[in-house]
1. Ignoring ligands, DNA and RNA, what accessible area per residue does segment 9-85 give at 1.4 Å, in Å²?
2. Suppose the chain between Thr541 and Ser71 were pulled fully straight at 0.36 nm per residue; how much longer would it get relative to their current alpha carbon spacing?
3. For segment 493-554, state the semi-axes of the equivalent ellipsoid (square roots of 5 times the eigenvalues of the alpha-carbon gyration tensor), sorted largest first and rounded to whole angstrom.
4. Using modelled amide H (1.01 Å from N, peptide plane; none on Pro or chain starts), what sits under 5 Å from the amide H of Thr446, excluding residues fewer than 5 places away?
5. Tell me which trypsin sites (Lys or Arg not before Pro) from segment 44-78 have a DSSP coil assignment and no more than 16 other beta carbons within 10 Å of their own.
6. Compute the distribution of all C-alpha to C-alpha distances in segment 357-417, in bins of 5 Å from 0, and list the percent of pairs in each, rounded to whole numbers.
7. For segment 390-396, just list the computed ³J(HN,Hα) in residue order, Karplus coefficients 6.51, -1.76 and 1.60, θ = phi - 60°, integers in Hz, with x standing in for Gly and Pro.
8. Would you mind getting the Kirkwood hydrodynamic radius of segment 383-452 from its Cα pairs, rounded to one decimal in Å?
Amino acid sequence: MSRPYRQRNVISEWRSTIAAAQAGDRQALDELVEGWLPLVYNVVGRALNGHADVDDVVQETMLRAVGNLGSLRDPDSFRSWLVAIAVRQIRDRARRRQPAQLDESAAREAGDFAELTVLRLQLEGQRREVAEAVRWLDGEDRQLLSLWWLEVAGELTRRELAAAAGISRQHAAVRVQRVKERLETARGIVRALDGACPDLCELTARWNGRPDSVWRKRLARHIRGCGYCGDTPEAVVPAERLLVGMALVPVPVGFTLSLAFGGKTATAASVGWSAKVMAALTQPAVAVTAGATLVAGGAYVVTQPPDGPPTAKAPAASGAPRESSPALPVTPTSTPSPSLSPTPSRKAELYGTVVDAVEPAPDPNAVPGALPHRPESGITSTWGAKAVMQHRGEAVTLSGQGYVLVRWQISPQSRPGALVMPTWTGLKGELFHVASGGGRRMDDTTGPDTTGMGGPATGYTVLPDGTQQIWQNEYFYLDGSVTLHQNERGADYGVIVFPSTWEAADKDVRTGPDQGAIRYGLVRDTGQDTAPVPQYLTRETPTDPATVAQRTRV
């Protein structure tokens, strides 16, 4: 698990980890790479604006950092040292390729880092405007902007910015000011293009839609002389105020980093590199080990010993839908065998059971059994009658005795990939997973080659290995209090949470194909304390709710 390092002016708390990694501690090296990968990814991604070479430059940066870690004399300079390596790799890449090649290649990109920033950080208004304006800057300006952005956001100091750029602090101040002025010009272009100026529409009729220096000058010249485009409806907030405290853009799902050294050592010491993967399965960043690759979001893991062939390989997150997920190629000590009922040894510890197996879909026409009617005195919600949670970090606390409906909304057309499940934390009392309904499972076919989880054109949303396939409506019974968290970090999804009733749940699961549904629902409740409890449930309240284990002891 990586340590938080946001808005830190010094890295003193990393001193011991860096020293241990230099001395050959495998776990410390794992932690170091995992913890600092997002910073490198943001520097490179913004400097190259999401170009296809981002992956290669990030990988080369991390390889060089690990390979030369033993030469770092002062652990307190680790951050500026690491960022300086990234900047050098960015410049080396620019020297190796001609500008015309870069422009042509960039034009083929489906997306860019500005778009990724907007989507991942849910930016709106003038913050969105700043992110989109980056597209209009030249490569050299974007390099410095990538550092200044992180300085304003609290991730770098001015001293580290200057050291990484290879210039004095005084020179850095001058160059940063120039970049800020060009960024403000680019913001004006973004605002004008969002407007309805008829003269601007005529001017851009021949524009191909891709920002470049020629069109930047043309548009800036038009805006300076246009009363319509120059008239802003709201006060323009300086970029540095908009970027203060802004989070790093998470490493996206599908981004992989493989640092395999073969027979070489990771540091000056005679050590290899361990395969620490499970601790980061639900993290937005990629956990990296020598001989191991973990896709961001936990889509799949490929382990490969330095001197041996791959032990397993799983399909990518955008593959076709499947009835079961591939087993992770790790030791089977992390997850017990699935069980529909508790064994005598577990019964003393757990009041219910968690089904960790991927369930086959029932026959669409199979009428469900009776849904036991548990006592209802009513459920209260901190969101009122309906909690609509569409963004990571949102949560609703439920209290009382009765039924709760969680309705799923999956949006693979916005962002497919590995899904980080919602989690239940701080449970006091008991919580059961009693029924599934909504007339369909989310993996039911909705068209040729498409399901509620996606299709060939959009990609597929993929659940963590061992997670039950979700239905449109999932019903739970609560006797106590609990908090449900939205943990979106990969695939785009939302959940709507309603206090419900036994009557509504029973009616839902009994609505079948003859009434317009794809299939009848599924009753899970046994009416006893052995009824299933939700996956991703804990009585604890972790700092990061997304780290709740799939199977927890309640």
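1. Numbers: 2610 Å² over 77 residues.
Here the per-residue accessible area is 34 Å².
2. On the way: separation 470, 0.36 × 470 = 169.20 nm, distance 4.08 nm.
Length gained, Thr541 through Ser71: 165.1 nm.
3. Working: eigenvalues 168, 51, 26 Å².
They are 29, 16, 11 Å, listed largest first.
4. Placed amide hydrogens put Thr451, Gly452 under 5 Å from Thr446.
5. Working: sites: Arg46, Arg64, Arg73; in loops: Arg73.
Loop-located and lightly packed - Arg73.
6. Each 5 Å bin holds this share of Cα pairs: 4, 11, 14, 15, 16, 18, 17, 5, 0.
7. 10, 10, 4, x, 7, 8, 10
8. 15.0 Å
The values are calculated or read from the model by the stated rules, or taken from the named source; none is laboratory data. Worth saying up front: this structure is predicted, and the values here are computed from it rather than measured. With ideal geometry, Cβ positions are generated from the backbone for all residues, glycine too; neighbour counts draw on all protein chains shown. All accessible areas refer to the heavy atoms of the entire protein, side chains included, with ligands and DNA or RNA removed. Shrake-Rupley method; radii C 1.70, N 1.55, O 1.52, S 1.80 Å.
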